[in-house]
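Let me begin by presenting the structure, written as structure tokens, before commenting on it.
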Amino acid sequence: MSLRSRARTEARAKAKAEAGPMAKAEAKYVRISPRKVQIVLDLIQNQPADKAMAILHYTPKAASEVLEKLLKSAMASAENNYNMETGNLYVAECNVGAGPILKRIRPRAHGRAYHIYKRTSHITLVLREKE
């Protein structure tokens, strides 16, 4: 590891430590494309947890149902494990990564086959307390 990348890594670790406690919730192998999940995540990033819950409840996307459940889990974790006040929570970080892809084949005309990629997602949601 070079000196520059080590300094960057240490700076990131220091910034995380100064930010205070955080409640984290993860959902893995969710059968929704990461691209579709990212659209909904962009709506709730840096929002207060209560407002994010309302946004998710009234957003007509398939990903919003999964994210609402994940946000509830993160809020419960913050309250029970870290003794945080639920009224002061906000969505500090939220990201989605690609999970494994289920590959299927669809028969087509003249003996051809089309590939169908059923994508999965790994979603991470981090809540912090406002200061």
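Computed from the coordinates by the stated procedures, all read-outs in this text should not be read as laboratory data. Values in this document were obtained by computation on a predicted structure and should not be read as measured data. We place every Cβ from the backbone using ideal geometry, glycine too, and count neighbours over all the protein chains shown.
Give the residue list of trypsin sites (Lys or Arg not before Pro) in the range 32-131 that are DSSP loop and have at most 15 other beta-carbon atoms within 10 angstrom. Numbers along the way, then the final one.
Working: sites: Arg35, Lys36, Lys51, Lys61, Lys69, Lys72, Lys103, Arg104, Arg108, Arg112, Lys118, Arg119, Arg128, Lys130; in loops: Lys61, Arg108, Arg112, Arg119, Lys130.
Qualifying residues, ordered by number: Lys61, Arg108, Arg112, Lys130.
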Note to self: Helix check for the chain. Which DSSP H runs span at least 15 Å along their own axis by Cα, with a mean Kyte-Doolittle hydropathy no less than -0.5?
What the structure shows: 34-44, 62-81
Notebook entry, point to check: Across the range 116-131, in residue order, what do the Karplus-derived ³J(HN,Hα) couplings come to in whole Hz, using 6.51 cos²θ - 1.76 cosθ + 1.60 with θ = phi - 60° and x for Gly and Pro?
Noted result: 10, 9, 9, 7, 10, 10, 10, 10, 10, 10, 10, 10, 10, 8, 5, 9
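Are there any GluC sites (Glu not before Pro) in the range 33-102 that are in a DSSP loop and have at most 14 other Cβ atoms within 10 Å? List them by number. Don't skip to the end; give the middle numbers.
Details: sites: Glu65, Glu68, Glu79, Glu85, Glu93; in loops: Glu85.
Counting only loop positions with at most 14 other Cβ atoms within 10 Å, the GluC sites (Glu not before Pro) in the range 33-102 are Glu85.
Treating the beta-carbon of each Lys and Arg as +1 and of each Asp and Glu as -1, no other charges, what is the dipole magnitude of the range 42-107 about its Cα centre, to the nearest 20 debye? Don't skip to the end; give the middle numbers.
On the way: 7 positive and 7 negative charges, 122 e Å.
Dipole of the range 42-107, to the nearest 20 debye: 580 debye.
Using only the Cα atoms of the chain, build the gyration tensor, take square roots of its eigenvalues as a ≥ b ≥ c, and label the shape rounded, prolate or oblate: rounded if a/c is under 1.5, else prolate if a/b is larger than b/c, else oblate. Mind dumping the intermediate values first?
Details: a/c = 3.07, a/b = 1.54, b/c = 2.00.
The shape class here is oblate.
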Check: In percent, how large is the relative contact order of the chain, given Cα pairs closer than 8 Å and 6 or more residues apart?
Finding: 35 percent
Notebook entry, point to check: So who's got an amide H within less than 5 Å of the one on Gly99, skipping anything under 5 residues away but keeping other chains? H placed 1.01 Å off N, in plane.
Noted result: Thr120, Ser121, His122
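Compute the relative contact order of the range 48-113 as a whole-number percentage, counting only Cα pairs closer than 8 Å that sit 6 or more residues apart in sequence. Don't jump to the answer; show the numbers that get you there.
Working: 33 pairs, mean separation 21.4, N = 66.
Here the relative contact order equals 32 percent.
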